[in-house]
Every structure is written in structure tokens, then in C-alpha cells.
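Working notes, structure below.
The values are calculated or read from the model by the stated rules, or taken from the named source; none is laboratory data. Being a predicted model, the structure only gives us computed values, none of them experimental. Backbone-built Cβ (ideal geometry, glycine too); neighbour counts: all protein chains shown. The accessibility values were calculated without ligands, DNA or RNA, using every heavy atom of the protein model including side chains. Shrake-Rupley method; radii C 1.70, N 1.55, O 1.52, S 1.80 Å.
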Amino acid sequence: MVLRYLTAGESHGPALLTIVEGIPAGLWLTADYIDRQLARRQGGYGRGGRQRIEEDRVEILSGVRGGYTLGSPIALKISNRDWANWREVMGPDPEARLDERVVTRPRPGHADLAGMLKYGHRDLRNVLERASARETAARVAAGTVARRLLEELGIEVAGQVLRIGPVEVPPFDAPPEEIRGKVEKSPVYCADKAGSEAMVAAIDRAREEGDSLGGVFEVRVYGVPPGIGSYVHWDRRLDGRLAQAVMSIQAIKGVEIGMGFRAASLPGSAVQDEIFYAPGRGFYRERNNAGGLEGGVTNGEPIVIRAAMKPIPTLRRPLKSIDIFTKERVEAAYERSDICAVPAACVIAEAVVAWEVARACLEKFGGDSLAEIKEALERLQERVRRVTR
């Protein structure tokens with residue numbers, strides 16, 4: 001079974017659309033379940049005014065009946081409430097007022113100028129409307145469908161913010177429910193209470209200075225059985241697929257798995273996870289520097305992936321730019337923006353990571369119904385138990 005999705009929609013268009021294909025029949029799925037993750041994406045201290053306008057709610061248009069998936073494509077719609085203020089400018093009909101809200105001053109750090117050079121647009125709005133991180137709401141919706149599937153397979157996802165600007169805390173190493181419990185109490189989705197308070201203060205300082213802040217977050221996946229992914233071709237390696245998925249999130253500039261970049265400064269004896277065996281327990285490791293993946297394949301340990309997010313490039317104190325028509329030096333255009341979106345990016349990363357893990361699980365287990373997939377998982381688990389006795 002092939003799991004895939006497509007998204008469509010502009011930031012100030014009528015809606016964001018997602019079509020998910022490949023979800024098996026018999027999975028319990030409701031709009032309320034997806035809405036909880038959409039609300040988390042909109043939350044987090046440091047978000048901008050757009051989040052006070054939108055109240056993301058998903059509408060399931062197809063693929064679900066009576067709360068259960070049918071095995072057919074699932075169509076999801078997230079309406080943009082701000083569309084009412086942009087209808088005449090962003091409408092698809094020939095009468096749209098294309099001469100209004102024109103953007104000719106590209107923002108450093110955005111896709112504005114590169115997109116213009118690629119597609120030949122004369123109004124940078126044609127670039128920024130789709131390049132906007134607003135699109136990630138559609139990805140969270142798709143990833144949350146995958147997350148629901150993983151839950152049925154005993155696989156859980158938990159994310160946490162580790163750094164915002166100059167404030168950094170160590171990862172909270174605990175079962176997923178404990179991580180989520182602490183993160184839910186933090187306005188910046190950080191499990192460390194003192195660190196969370198310091199991060200909020202740093203965001204306040206950046207707001208006063210008309211600046212923005214980036215940071216680092218971590219996503220962990222628990223309960224993934226060994227043998228998911230593959231080492232036989234580069235594009236089937238799960239670590240590569242996870243890195244690409246997280247790297248594709250707007251403003252992400254670095255991704256690491258397990259020990260990551262720190263491993264480059266250490267000898268091999270301090271990096272590799274030695275293998276042990278005990279009757280009744282089987283093969284095990286006393287540490288997880290590999291982040292749950294070896295050779296592109298899961299090894300039974302939790303998957304650990306971190307990402308670095310650059311500061312939001314849209315600033316109230318605009319950076320220098322050039323007008324694309326007059327070639328005069330100007331201040332970059334300012335579109336309503338966040339001060340810090342690291343907490344939101346963590347939620348988005350949970351979704352895209354869940355998607356890639358679910359996709360790899362379906363490649364391994366196959367099946368058109370949830371019952372078939374669970375049977376295949378049980379067979380794998382029994383084989384692993386026999387081998388490790």
C-alpha cells in the first residue's frame with residue numbers, strides 16, 4: 001500500500017485542501033481529533049496576529065463514514081476566515097483586483113525573490129501566498145491522520161522545544177505521556193519549567209526590539225518495531241526520509257538524528273551503541289546515540305530527531321532590500337508575522353515525522369484494512385521474539 005498526500009491553497013485564499021490516499025479501512029478518525037493538533041499548531045507563545053483571526057477547524061469531505069475510514073481517499077478542508085478580507089484581491093476570476101496589495105519589495109530570507117526569478121511573476125504576492133507557513137496547517141492535518149494510524153499500532157509521537165534564542169535546556173528523557181504532560185503546561189512547549197519561563201522572557205525582549213527568534217526542537221517516536229525502513233536503496237532509508245520531511249518545513253535549516261552533529265567531535269567508542277543480550281529481554285542497547293536508526297532501518301529504540309529553525313525573516317523593523325522594478329534600495333515588505341514560531345514548528349514536525357513513520361510501516365506491513373495491518377505487525381513481533389530468545 002502506498003501512502004501519499006497532496007495539499008493545495010494559498011495563505012489568503014478561501015481554504016487549504018489536503019487529499020490523503022492509502023489510509024486503510026477501519027481506522028477510527030474524527031475531525032475533533034485532527035482539530036486538537038491544529039489548535040496546538042496555532043498555539044505557542046510568540047505567534048502573530050494571524051492566529052487571532054484564524055480558528056482552524058477541519059472538515060472531512062470524503063473517505064470517512066460513521067467515524068471510520070473507508071480505504072478510499074480522505075479529503076480534508078481547512079477554511080481561511082481571513083478570506084473575507086482578501087476575496088477581491090485573491091479571487092480566481094478575471095475580475096480580481098490584481099493591482100491591489102502588490103508586493104515588489106522582496107523580504108530577505110523568504111522565497112520572494114527566488115520564486116519571482118523561477119516563475120517570472122511580477123507581483124511577489126504570487127510567491128509568498130503559497131510559500132507561506134500557513135500551508136503547514138494542511139500538512140498537520142495529513143500527519144495527524146497518520147498519527148491516528150500509528151496509535152493503533154502502539155506507536156506514539158512526542159515533541160518538545162529545547163531552545164529559543166539564547167535559552168537552551170537539555171531534552172526531557174521520559175515516556176511519551178510524561179513528555180506531553182509537561183509540554184502541554186508550557187506556553188512554548190518546553191518540558192523544563194524554568195527554561196520555559198526564560199524562553200518567554202527572551203521572546204518578549206525580541207518583540208520590544210522589533211526582532212524575531214529561532215530555536216531547536218526535538219521529536220521522539222516510541223514503540224516503532226525493528227525493521228522499518230530499508231538499507232537497500234538510498235531513497236528507502238528512513239533516516240533520509242525523516243530528515244527530508246522535517247527539512248521541508250518552512251525556516252528549518254538543520255536536522256540531526258540521535259547524537260547528530262555532536263558525534264563528529266567524538267571517537268567512535270563514545271558514539272556507537274554497543275549491543276548486549278539477556279535471556280527474556282533479547283538484544284538491547286544501553287544508550288541510543290543512533291536515535292533509533294542504523295543503516296536507514298529502525299533498531300527498536302526510540303527514534304530521536306532534532307531540527308534547528310532560523311528566526312522568522314519578516315520583521316517589524318524591516319531589513320534592507322531592492323524594489324524589483326525601480327531597483328531602488330528600500331525596506332523589505334512587512335506581512336503580519338510571528339516573533340517566534342518554534343513551538344508551532346515542533347507540532348508540524350511531529351506531524352511530518354508521524355507521516356513518514358506511518359508510510360514506512362505500511363510499506364512493511366501492507367494490507368487494505370487496519371485488521372490486516374495489525375495481523376502483519378503481530379507476525380513481525382512474534383518473529384522478533386523468536387529470534388531474540
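A few notes on this one:
- Here is the figure for segment 318-347: residues that are closer than 23 Å to residue 254 by Cα and out of contact with any strand residue (DSSP E or B) (no Cβ under 9 Å at 6 or more places or on another chain) total 4.
- Condition check for residue 249: at pLDDT 95 or above, farther than 17 Å from residue 292 by Cα and open to solvent by less than 50 Å² (accessible area, probe 1.4 Å): yes
- Taken over segment 263-305, residues that are within 19 Å of residue 171 (Cβ to Cβ), polar (S, T, N, Q) and outside any loop (DSSP other than H, G, I, E, B) amount to 1.
- Within the option set 194, 158, being in contact with a Lys or Arg (Cβ under 8 Å, 6 or more places away or on another chain) and either crowded, with 21+ Cβ neighbours inside 10 Å or not in a loop (DSSP other than H, G, I, E, B) (or both) holds for one residue only, 158.
- Residue check for residue 205: part of a helix (DSSP H, G or I) and open to solvent by 10 Å² or more (accessible area, probe 1.4 Å): yes
- Condition check for residue 218: among the acidic types (Asp, Glu), over 29 Å from residue 28 (Cβ atoms) and open to solvent by less than 30 Å² (accessible area, probe 1.4 Å): no
- Taken over segment 281-305, the criterion of being in contact with a helix residue (DSSP H, G or I) (Cβ under 9 Å, 6 or more places away or on another chain) and either loosely packed, with under 12 Cβ neighbours inside 10 Å or more than 28 Å from residue 349 (Cβ to Cβ) (or both) is satisfied by 281, 282, 283.
- Scanning segment 178-185 turns up no residue that is in contact (Cβ under 8 Å) with a residue 60 or more places away in the chain, more than 16 Å from the chain's Cα centre (by Cα), crowded, with 20+ Cβ neighbours inside 10 Å and not in a strand (DSSP E or B).
- Within this structure, residue 250 passes the test of being out of contact with any Pro (no Cβ under 7 Å at 6 or more places or on another chain), in a loop (DSSP other than H, G, I, E, B) and polar (S, T, N, Q).
- Residue within segment 178-186 that is in contact with a helix residue (DSSP H, G or I) (Cβ under 9 Å, 6 or more places away or on another chain), among the aliphatic types (A, V, I, L, M) and farther than 15 Å from residue 347 by Cβ present: no
- Lone unmet requirement of (1) modelled with pLDDT of 95 or more; (2) under 30 Å from residue 324 (Cα atoms) for residue 48: (1)
- Residue 342 meets the conditions (1) at pLDDT 95 or above; (2) more than 30 Å from residue 72 (Cβ to Cβ); (3) open to solvent by 20 Å² or more (accessible area, probe 1.4 Å) in every case but one. The failed one is (3).
- Hey, residue 353 β-branched (Val, Ile, Thr) and open to solvent by 30 Å² or more (accessible area, probe 1.4 Å) or not: no
- Filter result (surrounded by 10 or more Cβ atoms within 10 Å (Cβ to Cβ) and in contact (Cβ under 8 Å) with a residue 24 or more places away in the chain) within segment 252-280: 252, 253, 254, 255, 256, 257, 258, 259, 260, 263, 273
- The listed residue being within 24 Å of residue 71 (Cα to Cα), within 27 Å of the chain's Cα centre (by Cα) and not aromatic (Phe, Trp, Tyr), out of 376, 354: 354
- Among residues of segment 87-122, those that are open to solvent by less than 100 Å² (accessible area, probe 1.4 Å) and assigned to a helix (DSSP H, G or I), counted: 7
- Across segment 221-246, the qualifying residues are those that are in a helix (DSSP H, G or I) and crowded, with 21+ Cβ neighbours inside 10 Å, and the one among them that is nearest to the chain's Cα centre (by Cα) is 246.
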